[in-house]
Amino acid sequence: MLNYEELGFKAGLEVHQQLNTGGKLFCRCPTILRDEKEVRYTLRRYLRASESELGEIDRAAREEEKIDRKITYIGYDTTCLVENDEEPPRPLNEEALEISLVVASLLRMKVVDWVYVMRKTVIDGSNTAGFQRTAFVASDGVIESNMGDVGIDTLCLEEDAAQKLREDKGEVTYSLDRLGIPLIEMGTAAEIRSPMHGREIAEKLGMVLRSTGRVKRGIGTIRQDVNVSIRGGARVEIKGVQNLRSIEEVMEKEVLRQIELLKVRDELKNRGATAEREIFDLSDLLKSNSFAINLKGFNGFERLEKEFSDRVKKFGLEIYDLDKSDLARLKERMNIKEEDLVFLIEGEKKKVLNALNSVLDRAEAALKGIPEETRRALPDGTTEYLRPLPGSARMYPETDIEPVFIDPDRLKRILNNLPELIDERKKRYMEGYSLNEDLAGLIAKSEKFKLFEEIMEIYDLPATLVVRTLETTVQDLRRDRVKVDNLSKDHFISIFKNLAEGKIAKEGIPEILRFFAEDPDRYIDEVIERSGKMDLSGAEEIIEEIVQEKLDFIKERGKGSFSPLMGLVMRKLRGKVDGKVVGEILEKKISESVSQTDR
Amino acid sequence: MFNANEGNRVKIIKDGLEYRGIVMPSPKSKDTLVLKLASGYNIGIKIDEKTKIEIMGDEKFSISKPKRSLGERESEKTKRDLVKKSLPKVSIISTGGTIASRVDYRTGAVTSQFKAEDIMRAIPELSDIATYDSEIPFNILSENMSPKHWIKLARLTYDKIKKGSYGVIITHGTDTMGFTSSSLSFMLRTPVPVVLVGSQRSSDRPSSDSYVNAICAARVATSDISEVSVVMHGSTSDDFCLIHGGTKVRKMHTSRRDAFHSVNSSPLGRVIYPGLEIEEFQPHKRRGEEELRLYDKLEERCALIKFYPGADPNIIDFYVDDGYKGLVIEGTGLGHVSSEWIPQLKADIPIVITSQCIYGRVCDRVYGTGREMLKAGVIEGEDMLPETALTKLMWVLGQTDDLEEVRSLMQKNIVGEITRSSITS
């Protein structure tokens, strides 16, 4: 295993969490995602970097602008003129601000006195306006962890971007449903000591966010970016890490990439490699619009070649595979030696030249070390080049929105009413209800934790049974495609009430939930009726039948026949009678049969 | 209360926390300081007795021209483009609407650019269409425009055309663009295109409609459509701009890009973006068809009154007593006011009736009230927009004070403001 301390490993996390608010951050549209098929209208637009972005200030915007793109937006009956960039934004969503203040308080952060909304320039099309609205809310907090506490430098409240649906032939399509959903963006200090530590911190931050009970859950509602560097390397930002396990893997693989690239640099130095800015026009020798560069001394570094091809890919071009006869023809013209690496691209001239220049930029950087850049996480834990790191100066005030004063009394009120952290709740459940760690954790992080406590307060039932019913059983049913979203608090309470009164058996719960899910407006009495509650005499009949059928088996196995027969009986009764009662009857019948045959 | 000034680089210590940044223009209340952090974010800090402020240095705030990323070559190219001989010469008159602007990311200040060279740098495509000279007669928001400004604009446009402009572009705030375009339509007879253009999204944002609008306006200014027109987005997408006749156009939405509509008439045509092909929907005046003329007299003492249920007719006496020379009423439906207003309508000044329906033609011969209004002397404004009826009345009263002549001119089409028949669109 790598010694991360020795490597000078430094890492930070940036977490983006969608908030579960009634409206979006700057309009009143609901914060729900839609299916593309539900489209109501489309818009086609172009974005243009305004003059100063093309100055020295922002290299990321400049590079994006080089790629000429037509943008299509898809809108729904849940998106409005604000998302369309056709109406000024409404005032900052108070509910979202409140949640961000709660999170800031949970992380012991210092909240600013006035929150100012800024415009952060983003011209890839993901924001219809060409900028993302974002506001700095708090700084200087801390998250505690077993492997060491980590500072939380910033907490910002911002609007989510539109979701990219597809991109082809210089045309990109975005869906407007996600645009404007409130997001909390938190950045940690670069104090993460190892990939495993990184994972732990991400888990803890997720736990704190979910403890508010007011964040969105499910795939895509929380996104992590990772910042990694090692000594002698460079700060590399990796976007879109999908889950917690990947955080660890992505960090590990980035360290390996940087180690290897540093080795490559040393070897390039040894060889005296150079990145000469000469682009050869080979249209006369090969196809028209063929251009090539010769990177002297760059041959034989697989890792670096991938970095080069990532750059070319960004322009939608492919590297031409040179065969021997091609090489022979070019050898003289381009003065190619054994250790040289040749790139040949064919296509639209402007694009090809931009792509080759981008490769040359990367080659120049390779001679110095590792370039600072933004990369995209891939499903296998590796990354690919996305763009240079954005400059810090891409922000200017959102003049359409008034700054918001954060009253100290409001902060005090929030501090006095902070939600219980899920981790603390879990501990409380383990101690108070003697739940094991898994079940305690399951219900502590569940949206139904309050219902659980309420049920435990009223009814004398085993906590394990209540948690399993609320969580495991419901999950099983969901997997069976039962519409469990129809199940309400009242359904569960009525079930537990009847259970506590002995009117139903615990084995019957899944069946009753199934009925409620299908027909949520029924009263439990009807459901019990319909799910065929059986009186004991009926059960006895069925048990008797089975015992008669399996008489030989009973004779053979004696009391050992109980377990296999119990399974059979319960399947037949389908949980309509309490298992304990069934067990008693069956046991009695078996011993009767055994003693009969003895006679 | 504190000693830091705009532009100071400061360190602020409050409640044990240190903030570093540049002091931004701060609100009037003396106890709050707006700080731009290194990350680019602004925050507001309430300064109390315990807050410590330390001044670390100064940041120059003057907005300098940014260095071109592509080096000097580019600016030489721009200069060369400006004098490209083969391209027609177009005049840009800026009135305060921003056709091109620049953001200073340190201060957040947005500066409008009016010099031809600056505009060209912000919208390089313009230099493929024409060469430009530019002039800024005044710099105001369009709600602050007045007939005096319209006259000034008419005269300036006249001068530009006289000096040989192949077309004139007037950049204008959108709120009152329809008033300006209709008043210019009456004051100028032009042998070349005169195009008003603006934007609904400010040009400091990458999504601004100003780029497409400006490019399409330049296309129209160099076309054969030699009328006063308004060129603005025709849809919410960046796919075409409509060319509206100057007397028939109205802003019909507070914020959308396609807010401008031609009312009671189809637009003159449209410009497809990005191909810049022009499609014509209506016959128009050809280049050189009209001789250049200027009728720059307006009677400013005219008013536009909106009638509503229960409205007090004394409003007419108020204007008459105050010396007003003409009134336009925005009546209900076919052009009505309540019968209570009839005595006041008998005033000695011309009173033109239009409709708050906006769409359609007035007709006061259908109902009794209307017939009484006609008897009292009101002039039917046909299918003119109320705003156009106002600017026309100002212009007509600037040409004559003969009441019968006024009546006849108001009901006669002069520059496309009245259509012969109400078309189905």
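The values are calculated or read from the model by the stated rules, or taken from the named source; none is laboratory data. Bear in mind the structure is a predicted one, so any value in this text is a computation, not a measurement. All Cβ positions, even for glycine, are placed from backbone atoms using ideal geometry, and neighbour counts span all protein chains on display.
Tabulated values for the structure
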read-out	value
Unique match (being within 14 Å of chain A (Cβ to nearest Cβ), at pLDDT 80 or above and touching a helix residue (DSSP H, G or I) at 6+ places or on another chain (Cβ under 6 Å)) among B:Ile123, B:Ile129, B:Ile99	B:Ile123
Subset tally (residues that are assigned to a loop (DSSP other than H, G, I, E, B), in contact with a strand residue (DSSP E or B) (Cβ under 8 Å, 6 or more places away or on another chain) and more than 20 Å from B:Thr180 (Cβ to Cβ)) for segment B:279-293	3
The listed residue being among the acidic types (Asp, Glu) and surrounded by fewer than 24 Cβ atoms within 10 Å (Cβ to Cβ), out of A:Asp177, A:Asp149	A:Asp149
Residue under evaluation B:Glu117, criteria (1) more than 11 Å from chain A (Cβ to nearest Cβ); (2) at pLDDT below 95; (3) not in a helix (DSSP H, G or I), criterion not met	(3)
Hits in segment B:262-278 (condition: more than 21 Å from A:Arg45 (Cβ to Cβ) and part of a strand (DSSP E or B))	B:Ser262, B:Gly269, B:Ile278
Which listed residue is hydrophobic (A, V, I, L, M, F, W, C), at pLDDT 95 or above and surrounded by fewer than 17 Cβ atoms within 10 Å (Cβ to Cβ), from B:Ile349, B:Ile353, B:Ile342, B:Ile423	B:Ile342
Count - residues of segment A:117-128 that are surrounded by fewer than 24 Cβ atoms within 10 Å (Cβ to Cβ) and within 8 Å of chain B (Cβ to nearest Cβ)	1
Residue, farthest from the other protein chains (Cβ to nearest Cβ), within segment A:72-97, restricted to residues that are of a type in the set (D, E, K, R) and at negative phi	A:Glu95
Among (1) surrounded by fewer than 14 Cβ atoms within 10 Å (Cβ to Cβ); (2) acidic (Asp, Glu); (3) assigned to a loop (DSSP other than H, G, I, E, B), the one test that B:Glu299 misses	(1)
Matching residues, segment B:258-281, being surrounded by fewer than 16 Cβ atoms within 10 Å (Cβ to Cβ), away from chain A (no Cβ under 14 Å) and without any contact (Cβ under 8 Å) to a residue 60 or more places away in the chain	B:Glu277, B:Glu279, B:Glu280, B:Phe281
Top-ranked residue of segment A:30-58 - restricted to ones that are outside any loop (DSSP other than H, G, I, E, B) and at pLDDT below 55, ranked as farthest from the other protein chains (Cβ to nearest Cβ)	A:Glu53
Selection within segment B:19-40 - more than 7 Å from every other protein chain (Cβ to nearest Cβ) and part of a loop (DSSP other than H, G, I, E, B)	B:Met24, B:Pro25, B:Ser26, B:Pro27, B:Lys28, B:Ser29, B:Lys30, B:Asp31
Residue match in segment A:254-263 (condition: of a type outside the set (Phe, Trp, Tyr), touching a strand residue (DSSP E or B) at 6+ places or on another chain (Cβ under 6 Å) and either surrounded by 21 or more Cβ atoms within 10 Å (Cβ to Cβ) or not in a strand (DSSP E or B) (or both))	yes
A:Thr128 being in contact with a Cys (Cβ under 8 Å, 6 or more places away or on another chain) and in contact (Cβ under 8 Å) with a residue 24 or more places away in the chain	no
Whichever residue in segment B:226-257 is assigned to a loop (DSSP other than H, G, I, E, B) and away from chain A (no Cβ under 13 Å) and, among such residues, is surrounded by the fewest Cβ atoms within 10 Å (Cβ to Cβ)	B:Met252
Answer from A:Lys351, A:Lys313, A:Lys368, A:Lys331 - the residue that is surrounded by 16 or more Cβ atoms within 10 Å (Cβ to Cβ), at negative phi and basic (Lys, Arg)	A:Lys351
Segment A:98-116: number of residues that are among the hydroxyl-bearing types (Ser, Thr, Tyr) and at the interface with chain B (Cβ under 7 Å from one of its Cβ atoms)	1
Subset tally (residues that are part of a loop (DSSP other than H, G, I, E, B) and either among the aromatic types (Phe, Trp, Tyr) or modelled with pLDDT under 85 (or both)) for segment B:41-65	8
Count - residues of segment A:152-178 that are more than 12 Å from chain B (Cβ to nearest Cβ) and in a strand (DSSP E or B)	13
Every pair of residues 6+ apart whose Cβ atoms lie under 7 Å, when the first sits in segment B:327-346 and is under 21 Å from B:Arg301 (Cβ atoms) while the second is assigned to a strand (DSSP E or B) and among the basic types (Lys, Arg)	B:Glu330/B:Lys306
Residue that is part of a helix (DSSP H, G or I) and within 14 Å of chain A (Cβ to nearest Cβ), where the choices are B:Ile151, B:Ile215	B:Ile215
Matching option when the condition is surrounded by 19 or more Cβ atoms within 10 Å (Cβ to Cβ), touching a helix residue (DSSP H, G or I) at 6+ places or on another chain (Cβ under 6 Å) and modelled with pLDDT under 90, among A:Arg362, A:Arg394, A:Arg387	A:Arg387
Evaluation of B:Ser202 against (1) more than 14 Å from chain A (Cβ to nearest Cβ); (2) closer than 15 Å to B:Ile123 by Cβ (one fails), failing number	(1)
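Conditions (1) in contact with a Phe, Trp or Tyr (Cβ under 9 Å, 6 or more places away or on another chain); (2) surrounded by fewer than 19 Cβ atoms within 10 Å (Cβ to Cβ), marked per residue:
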site	(1), (2)
B:Asp321	no, yes
B:Val328	no, no
B:Ser338	yes, yes
B:Tyr359	no, yes
